[in-house]
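Structure first, commentary second.
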There are 2 protein chains.
Amino acid sequence: MELPSNLFDALQRIQGFLPETGAVLHEPRFVGNESKYVQDCIATGWVSSVGSYVDRFESDLAAYTGVKRAVVVANGTVALQVALELADVRPGDEVLIPTLSFIATANAVMHAGATPHFVDSEEKSLGIDVPKLSAYLDSVAEKTSVGVINKKTGKRIAAIVPVHIFGHPVDLDALLDLGRKWGLVVLEDAAESLGSLYQGKHTGSFGRLSAVSFNGNKIVTSGGGGAILTQDEALGKRAKHLTTTAKIPHAWEFVHDEVGYNFRLTNLAAALGCAQLEQISTFVEKKRRLADEYRSLLKGISGFKLLQEPSYSKSNYWLNALVLDTSFQKHRDDFIQRAHEMKVGVRPVWKLLHSLKMYRDCPRSDLSVAEKLERSVICLPSSPFLAGGRRT
Amino acid sequence: MELPSNLFDALQRIQGFLPETGAVLHEPRFVGNESKYVQDCIATGWVSSVGSYVDRFESDLAAYTGVKRAVVVANGTVALQVALELADVRPGDEVLIPTLSFIATANAVMHAGATPHFVDSEEKSLGIDVPKLSAYLDSVAEKTSVGVINKKTGKRIAAIVPVHIFGHPVDLDALLDLGRKWGLVVLEDAAESLGSLYQGKHTGSFGRLSAVSFNGNKIVTSGGGGAILTQDEALGKRAKHLTTTAKIPHAWEFVHDEVGYNFRLTNLAAALGCAQLEQISTFVEKKRRLADEYRSLLKGISGFKLLQEPSYSKSNYWLNALVLDTSFQKHRDDFIQRAHEMKVGVRPVWKLLHSLKMYRDCPRSDLSVAEKLERSVICLPSSPFLAGGRRT
């Protein structure tokens, strides 16, 4: 199919703005202390599961996000899994998560032994639609002496996991109110939103526990990696213990006091993470500038809007996104195909989780907004170094 | 308590052999291409979950160990967990493992949803006592149409996991025979034995699937890391898919077809691993030399013996170990305490798994040999660069 001229115009402007060689969706660039810190690990031999960069990465993260404790782990998926387990999500429970999210959100729930219960999103933040969830819970859930019960399945609903999609914060005040009303714990999936603020405070600092990711495509990377954040020091201590094989510290004895995990982040990875975190203010600033630049660039073209941070937030704009008007949704795939031919590394949003075969039979609310968003969202190349546009 | 003079003599000779600054149990040293390869990752930006070092580490490992497929993952624990799952170990099953092993062996069984069923070890290899296991199975197990059933618990026994303790191979022919007799799958926990040969072939190449570790204390390290080895290409393909979020490859679409794991090893870690693996022949040679040197050094001192590779094997001697005679077992802790004061980083063997509180109620055979070994084994500093002794 031929692309309509407005979409083709948008694509041409984007191509002209990006480097001549094109751009992938998101990639890191290491121009700070990355080499130095990583070399330090190699030179000293401290590359493995303990080391000064592990300790420093944890304290730097806690300081940056304003939480009491950060525990670094192998990746964001296992961070969320452990957060769920520490929040007393138990096998057989259901966990409310948006269907519009990366697979890790649902997998972490499964790995904790629970079942995802999919809920809808709203168009401003792309995150959980809180009023809609509230109405849904009124219809489907019941507060009992053993917790909130899903009247349809008979299972306990144990937690709500908001995801700050593309870095844009969910309306946390409203969500936390809803959690309190029902006695449901809120755990933030802040994998994409390190550096994003809700009402002036960092995402990841609101949930009982939160999960962050440092995968290679994130605003700050440690190669692979993640962290559990919490304001509760006892939970933070438990998170550290559980993710480091539950070993009781001793100079030579090997005693473990529960079934723990080997989810440790290596000192080598933490060294990279420390160097990256030193630069996060610059990254956030550049990514916000890039969002402004896309907005100027595409001004006056009809058929879509650019996703903007919700009014209550300051977003890291992890990924910039176009949202196609209804009448242009049918051109989504052609746009993506054509963009790739032009070396513009766009992508659609993830396939909705409830539509994947292993999650098809999970409980869910009406998901019509997410379904509409799936047809209309296109993510744009968003690496921080793209800010400023093509260098001549 | 005062150390008996023979043990004190041994300790003094060891101290005199090791560097003046002392020695920890095992540590890496990076004198090959480690810096170069890691810098290459930083310079190119390829630090995350895909990259050329990941591919190369997998093919180098397969070539070195003689298996059809190696899949690198975050660590040895998750390698074993996934190996168990791919071998059709199911929730509720029991898995036969030695009580004399690192916690990871038991935890991996639990993470796969199964229960460890502890068996005894023998004194030559410190690994599973196969004749004793055979007699035990005759008494406790029953072959039925739904598999091997533990008559006491009524549960299915699904697999046997031999562990090549300190690098010394278990008697694999005998164990594989026993597995065949009962229809039980054998999965090798080769976390400690990369480079060790059984009848001239690499440990890790015998089990349906095997787990290897590249933790910082292993003969070859990637900081943290592990691998699943298999001779079955279809299982290898499944292992790769399952450990990389079960995503169906596509340039921009995100479709996953089962509940996968994010157990990927990063390209940064794989780069370190590649450089280390280039040197493994030297490491094995040095570690075998160190074993010889300890033997010469301690010759003529009574009260213990040094553990030697079983006759059917060529061991990597990952850890050298003293085994105290019965009458000297009471001095174990004093020896360890004194050694640490002298900066000789010895350690006892792990606390037996069945004695840890979370594994106390698991099924088990008589474990008297393991119990004796726990009281008598002391591991000695075994880093490859210690070979040759103190430099003057």
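The values are calculated or read from the model by the stated rules, or taken from the named source; none is laboratory data. The structure displayed is predicted, hence computed values, not measured ones. Because the Cβ atoms are built from the backbone with ideal geometry, glycine has one as well, and the counts that use them run over all protein chains shown.
So the values come out like this:
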| item | result |
| --- | --- |
| Count of the range B:172-200 residues which are surrounded by fewer than 24 Cβ atoms within 10 Å (Cβ to Cβ), touching a Gly at 6+ places or on another chain (Cβ under 8 Å) and under 16 Å from B:Y317 (Cα atoms) | 0 |
| The range B:239-250, residues that are out of contact with any Asp or Glu (no Cβ under 9 Å at 6 or more places or on another chain) and either over 21 Å from B:H202 (Cα atoms) or at pLDDT below 95 (or both) | B:T243, B:T244, B:T245, B:P249, B:H250 |
| Among residues of the range A:292-312, those that are surrounded by fewer than 24 Cβ atoms within 10 Å (Cβ to Cβ) and under 15 Å from A:S196 (Cβ atoms), counted | 5 |
| Filtered residues of the range A:258-300 (kept if facing chain B (nearest Cβ under 8 Å) and under 17 Å from A:E27 (Cα atoms)) | A:A269, A:L272 |
| Residues (within 14 Å of chain B (Cβ to nearest Cβ), among the charged types (D, E, K, R) and within 26 Å of the chain's Cα centre (by Cα)) located in the range A:319-337 | A:R332, A:D333 |
| Lone unmet requirement of (1) modelled with pLDDT of 95 or more; (2) within 14 Å of another protein chain (Cβ to nearest Cβ) for A:E253 | (1) |
| Options A:V38, A:V72, A:V50, A:V67: the member that is out of contact with any Ser or Thr (no Cβ under 6 Å at 6 or more places or on another chain) and within 28 Å of A:F166 (Cβ to Cβ) | A:V72 |
| Residues within the range A:332-364 that are in contact with a strand residue (DSSP E or B) (Cβ under 7 Å, 6 or more places away or on another chain), within 23 Å of A:L386 (Cα to Cα) and not basic (K, R), tallied | 7 |
| Test: residue in the range A:150-159 that is farther than 23 Å from A:G200 by Cβ, part of a strand (DSSP E or B) and under 19 Å from the mean Cα position of the chain (by Cα) | yes |
| The range B:103-124, subset more than 14 Å from chain A (Cβ to nearest Cβ) and in contact with a strand residue (DSSP E or B) (Cβ under 8 Å, 6 or more places away or on another chain), residue surrounded by the fewest Cβ atoms within 10 Å (Cβ to Cβ) | B:E123 |
| Subset of the range B:48-73 [more than 14 Å from B:G273 (Cβ to Cβ) and not small (G, A, S)] | B:V50, B:V67, B:K68, B:R69 |
| Subset tally (residues that are assigned to a helix (DSSP H, G or I) and crowded, with 19+ Cβ neighbours inside 10 Å) for the range B:276-285 | 4 |
| Leading residue by the ranking (nearest to the other protein chains (Cβ to nearest Cβ)) among those in the range A:3-54 that are surrounded by fewer than 19 Cβ atoms within 10 Å (Cβ to Cβ) and of a type in the set (D, E, K, R) | A:R29 |
| Answer from A:P348, A:P310 - the residue that is touching a Cys at 6+ places or on another chain (Cβ under 8 Å) and not hydroxyl-bearing (S, T, Y) | A:P348 |
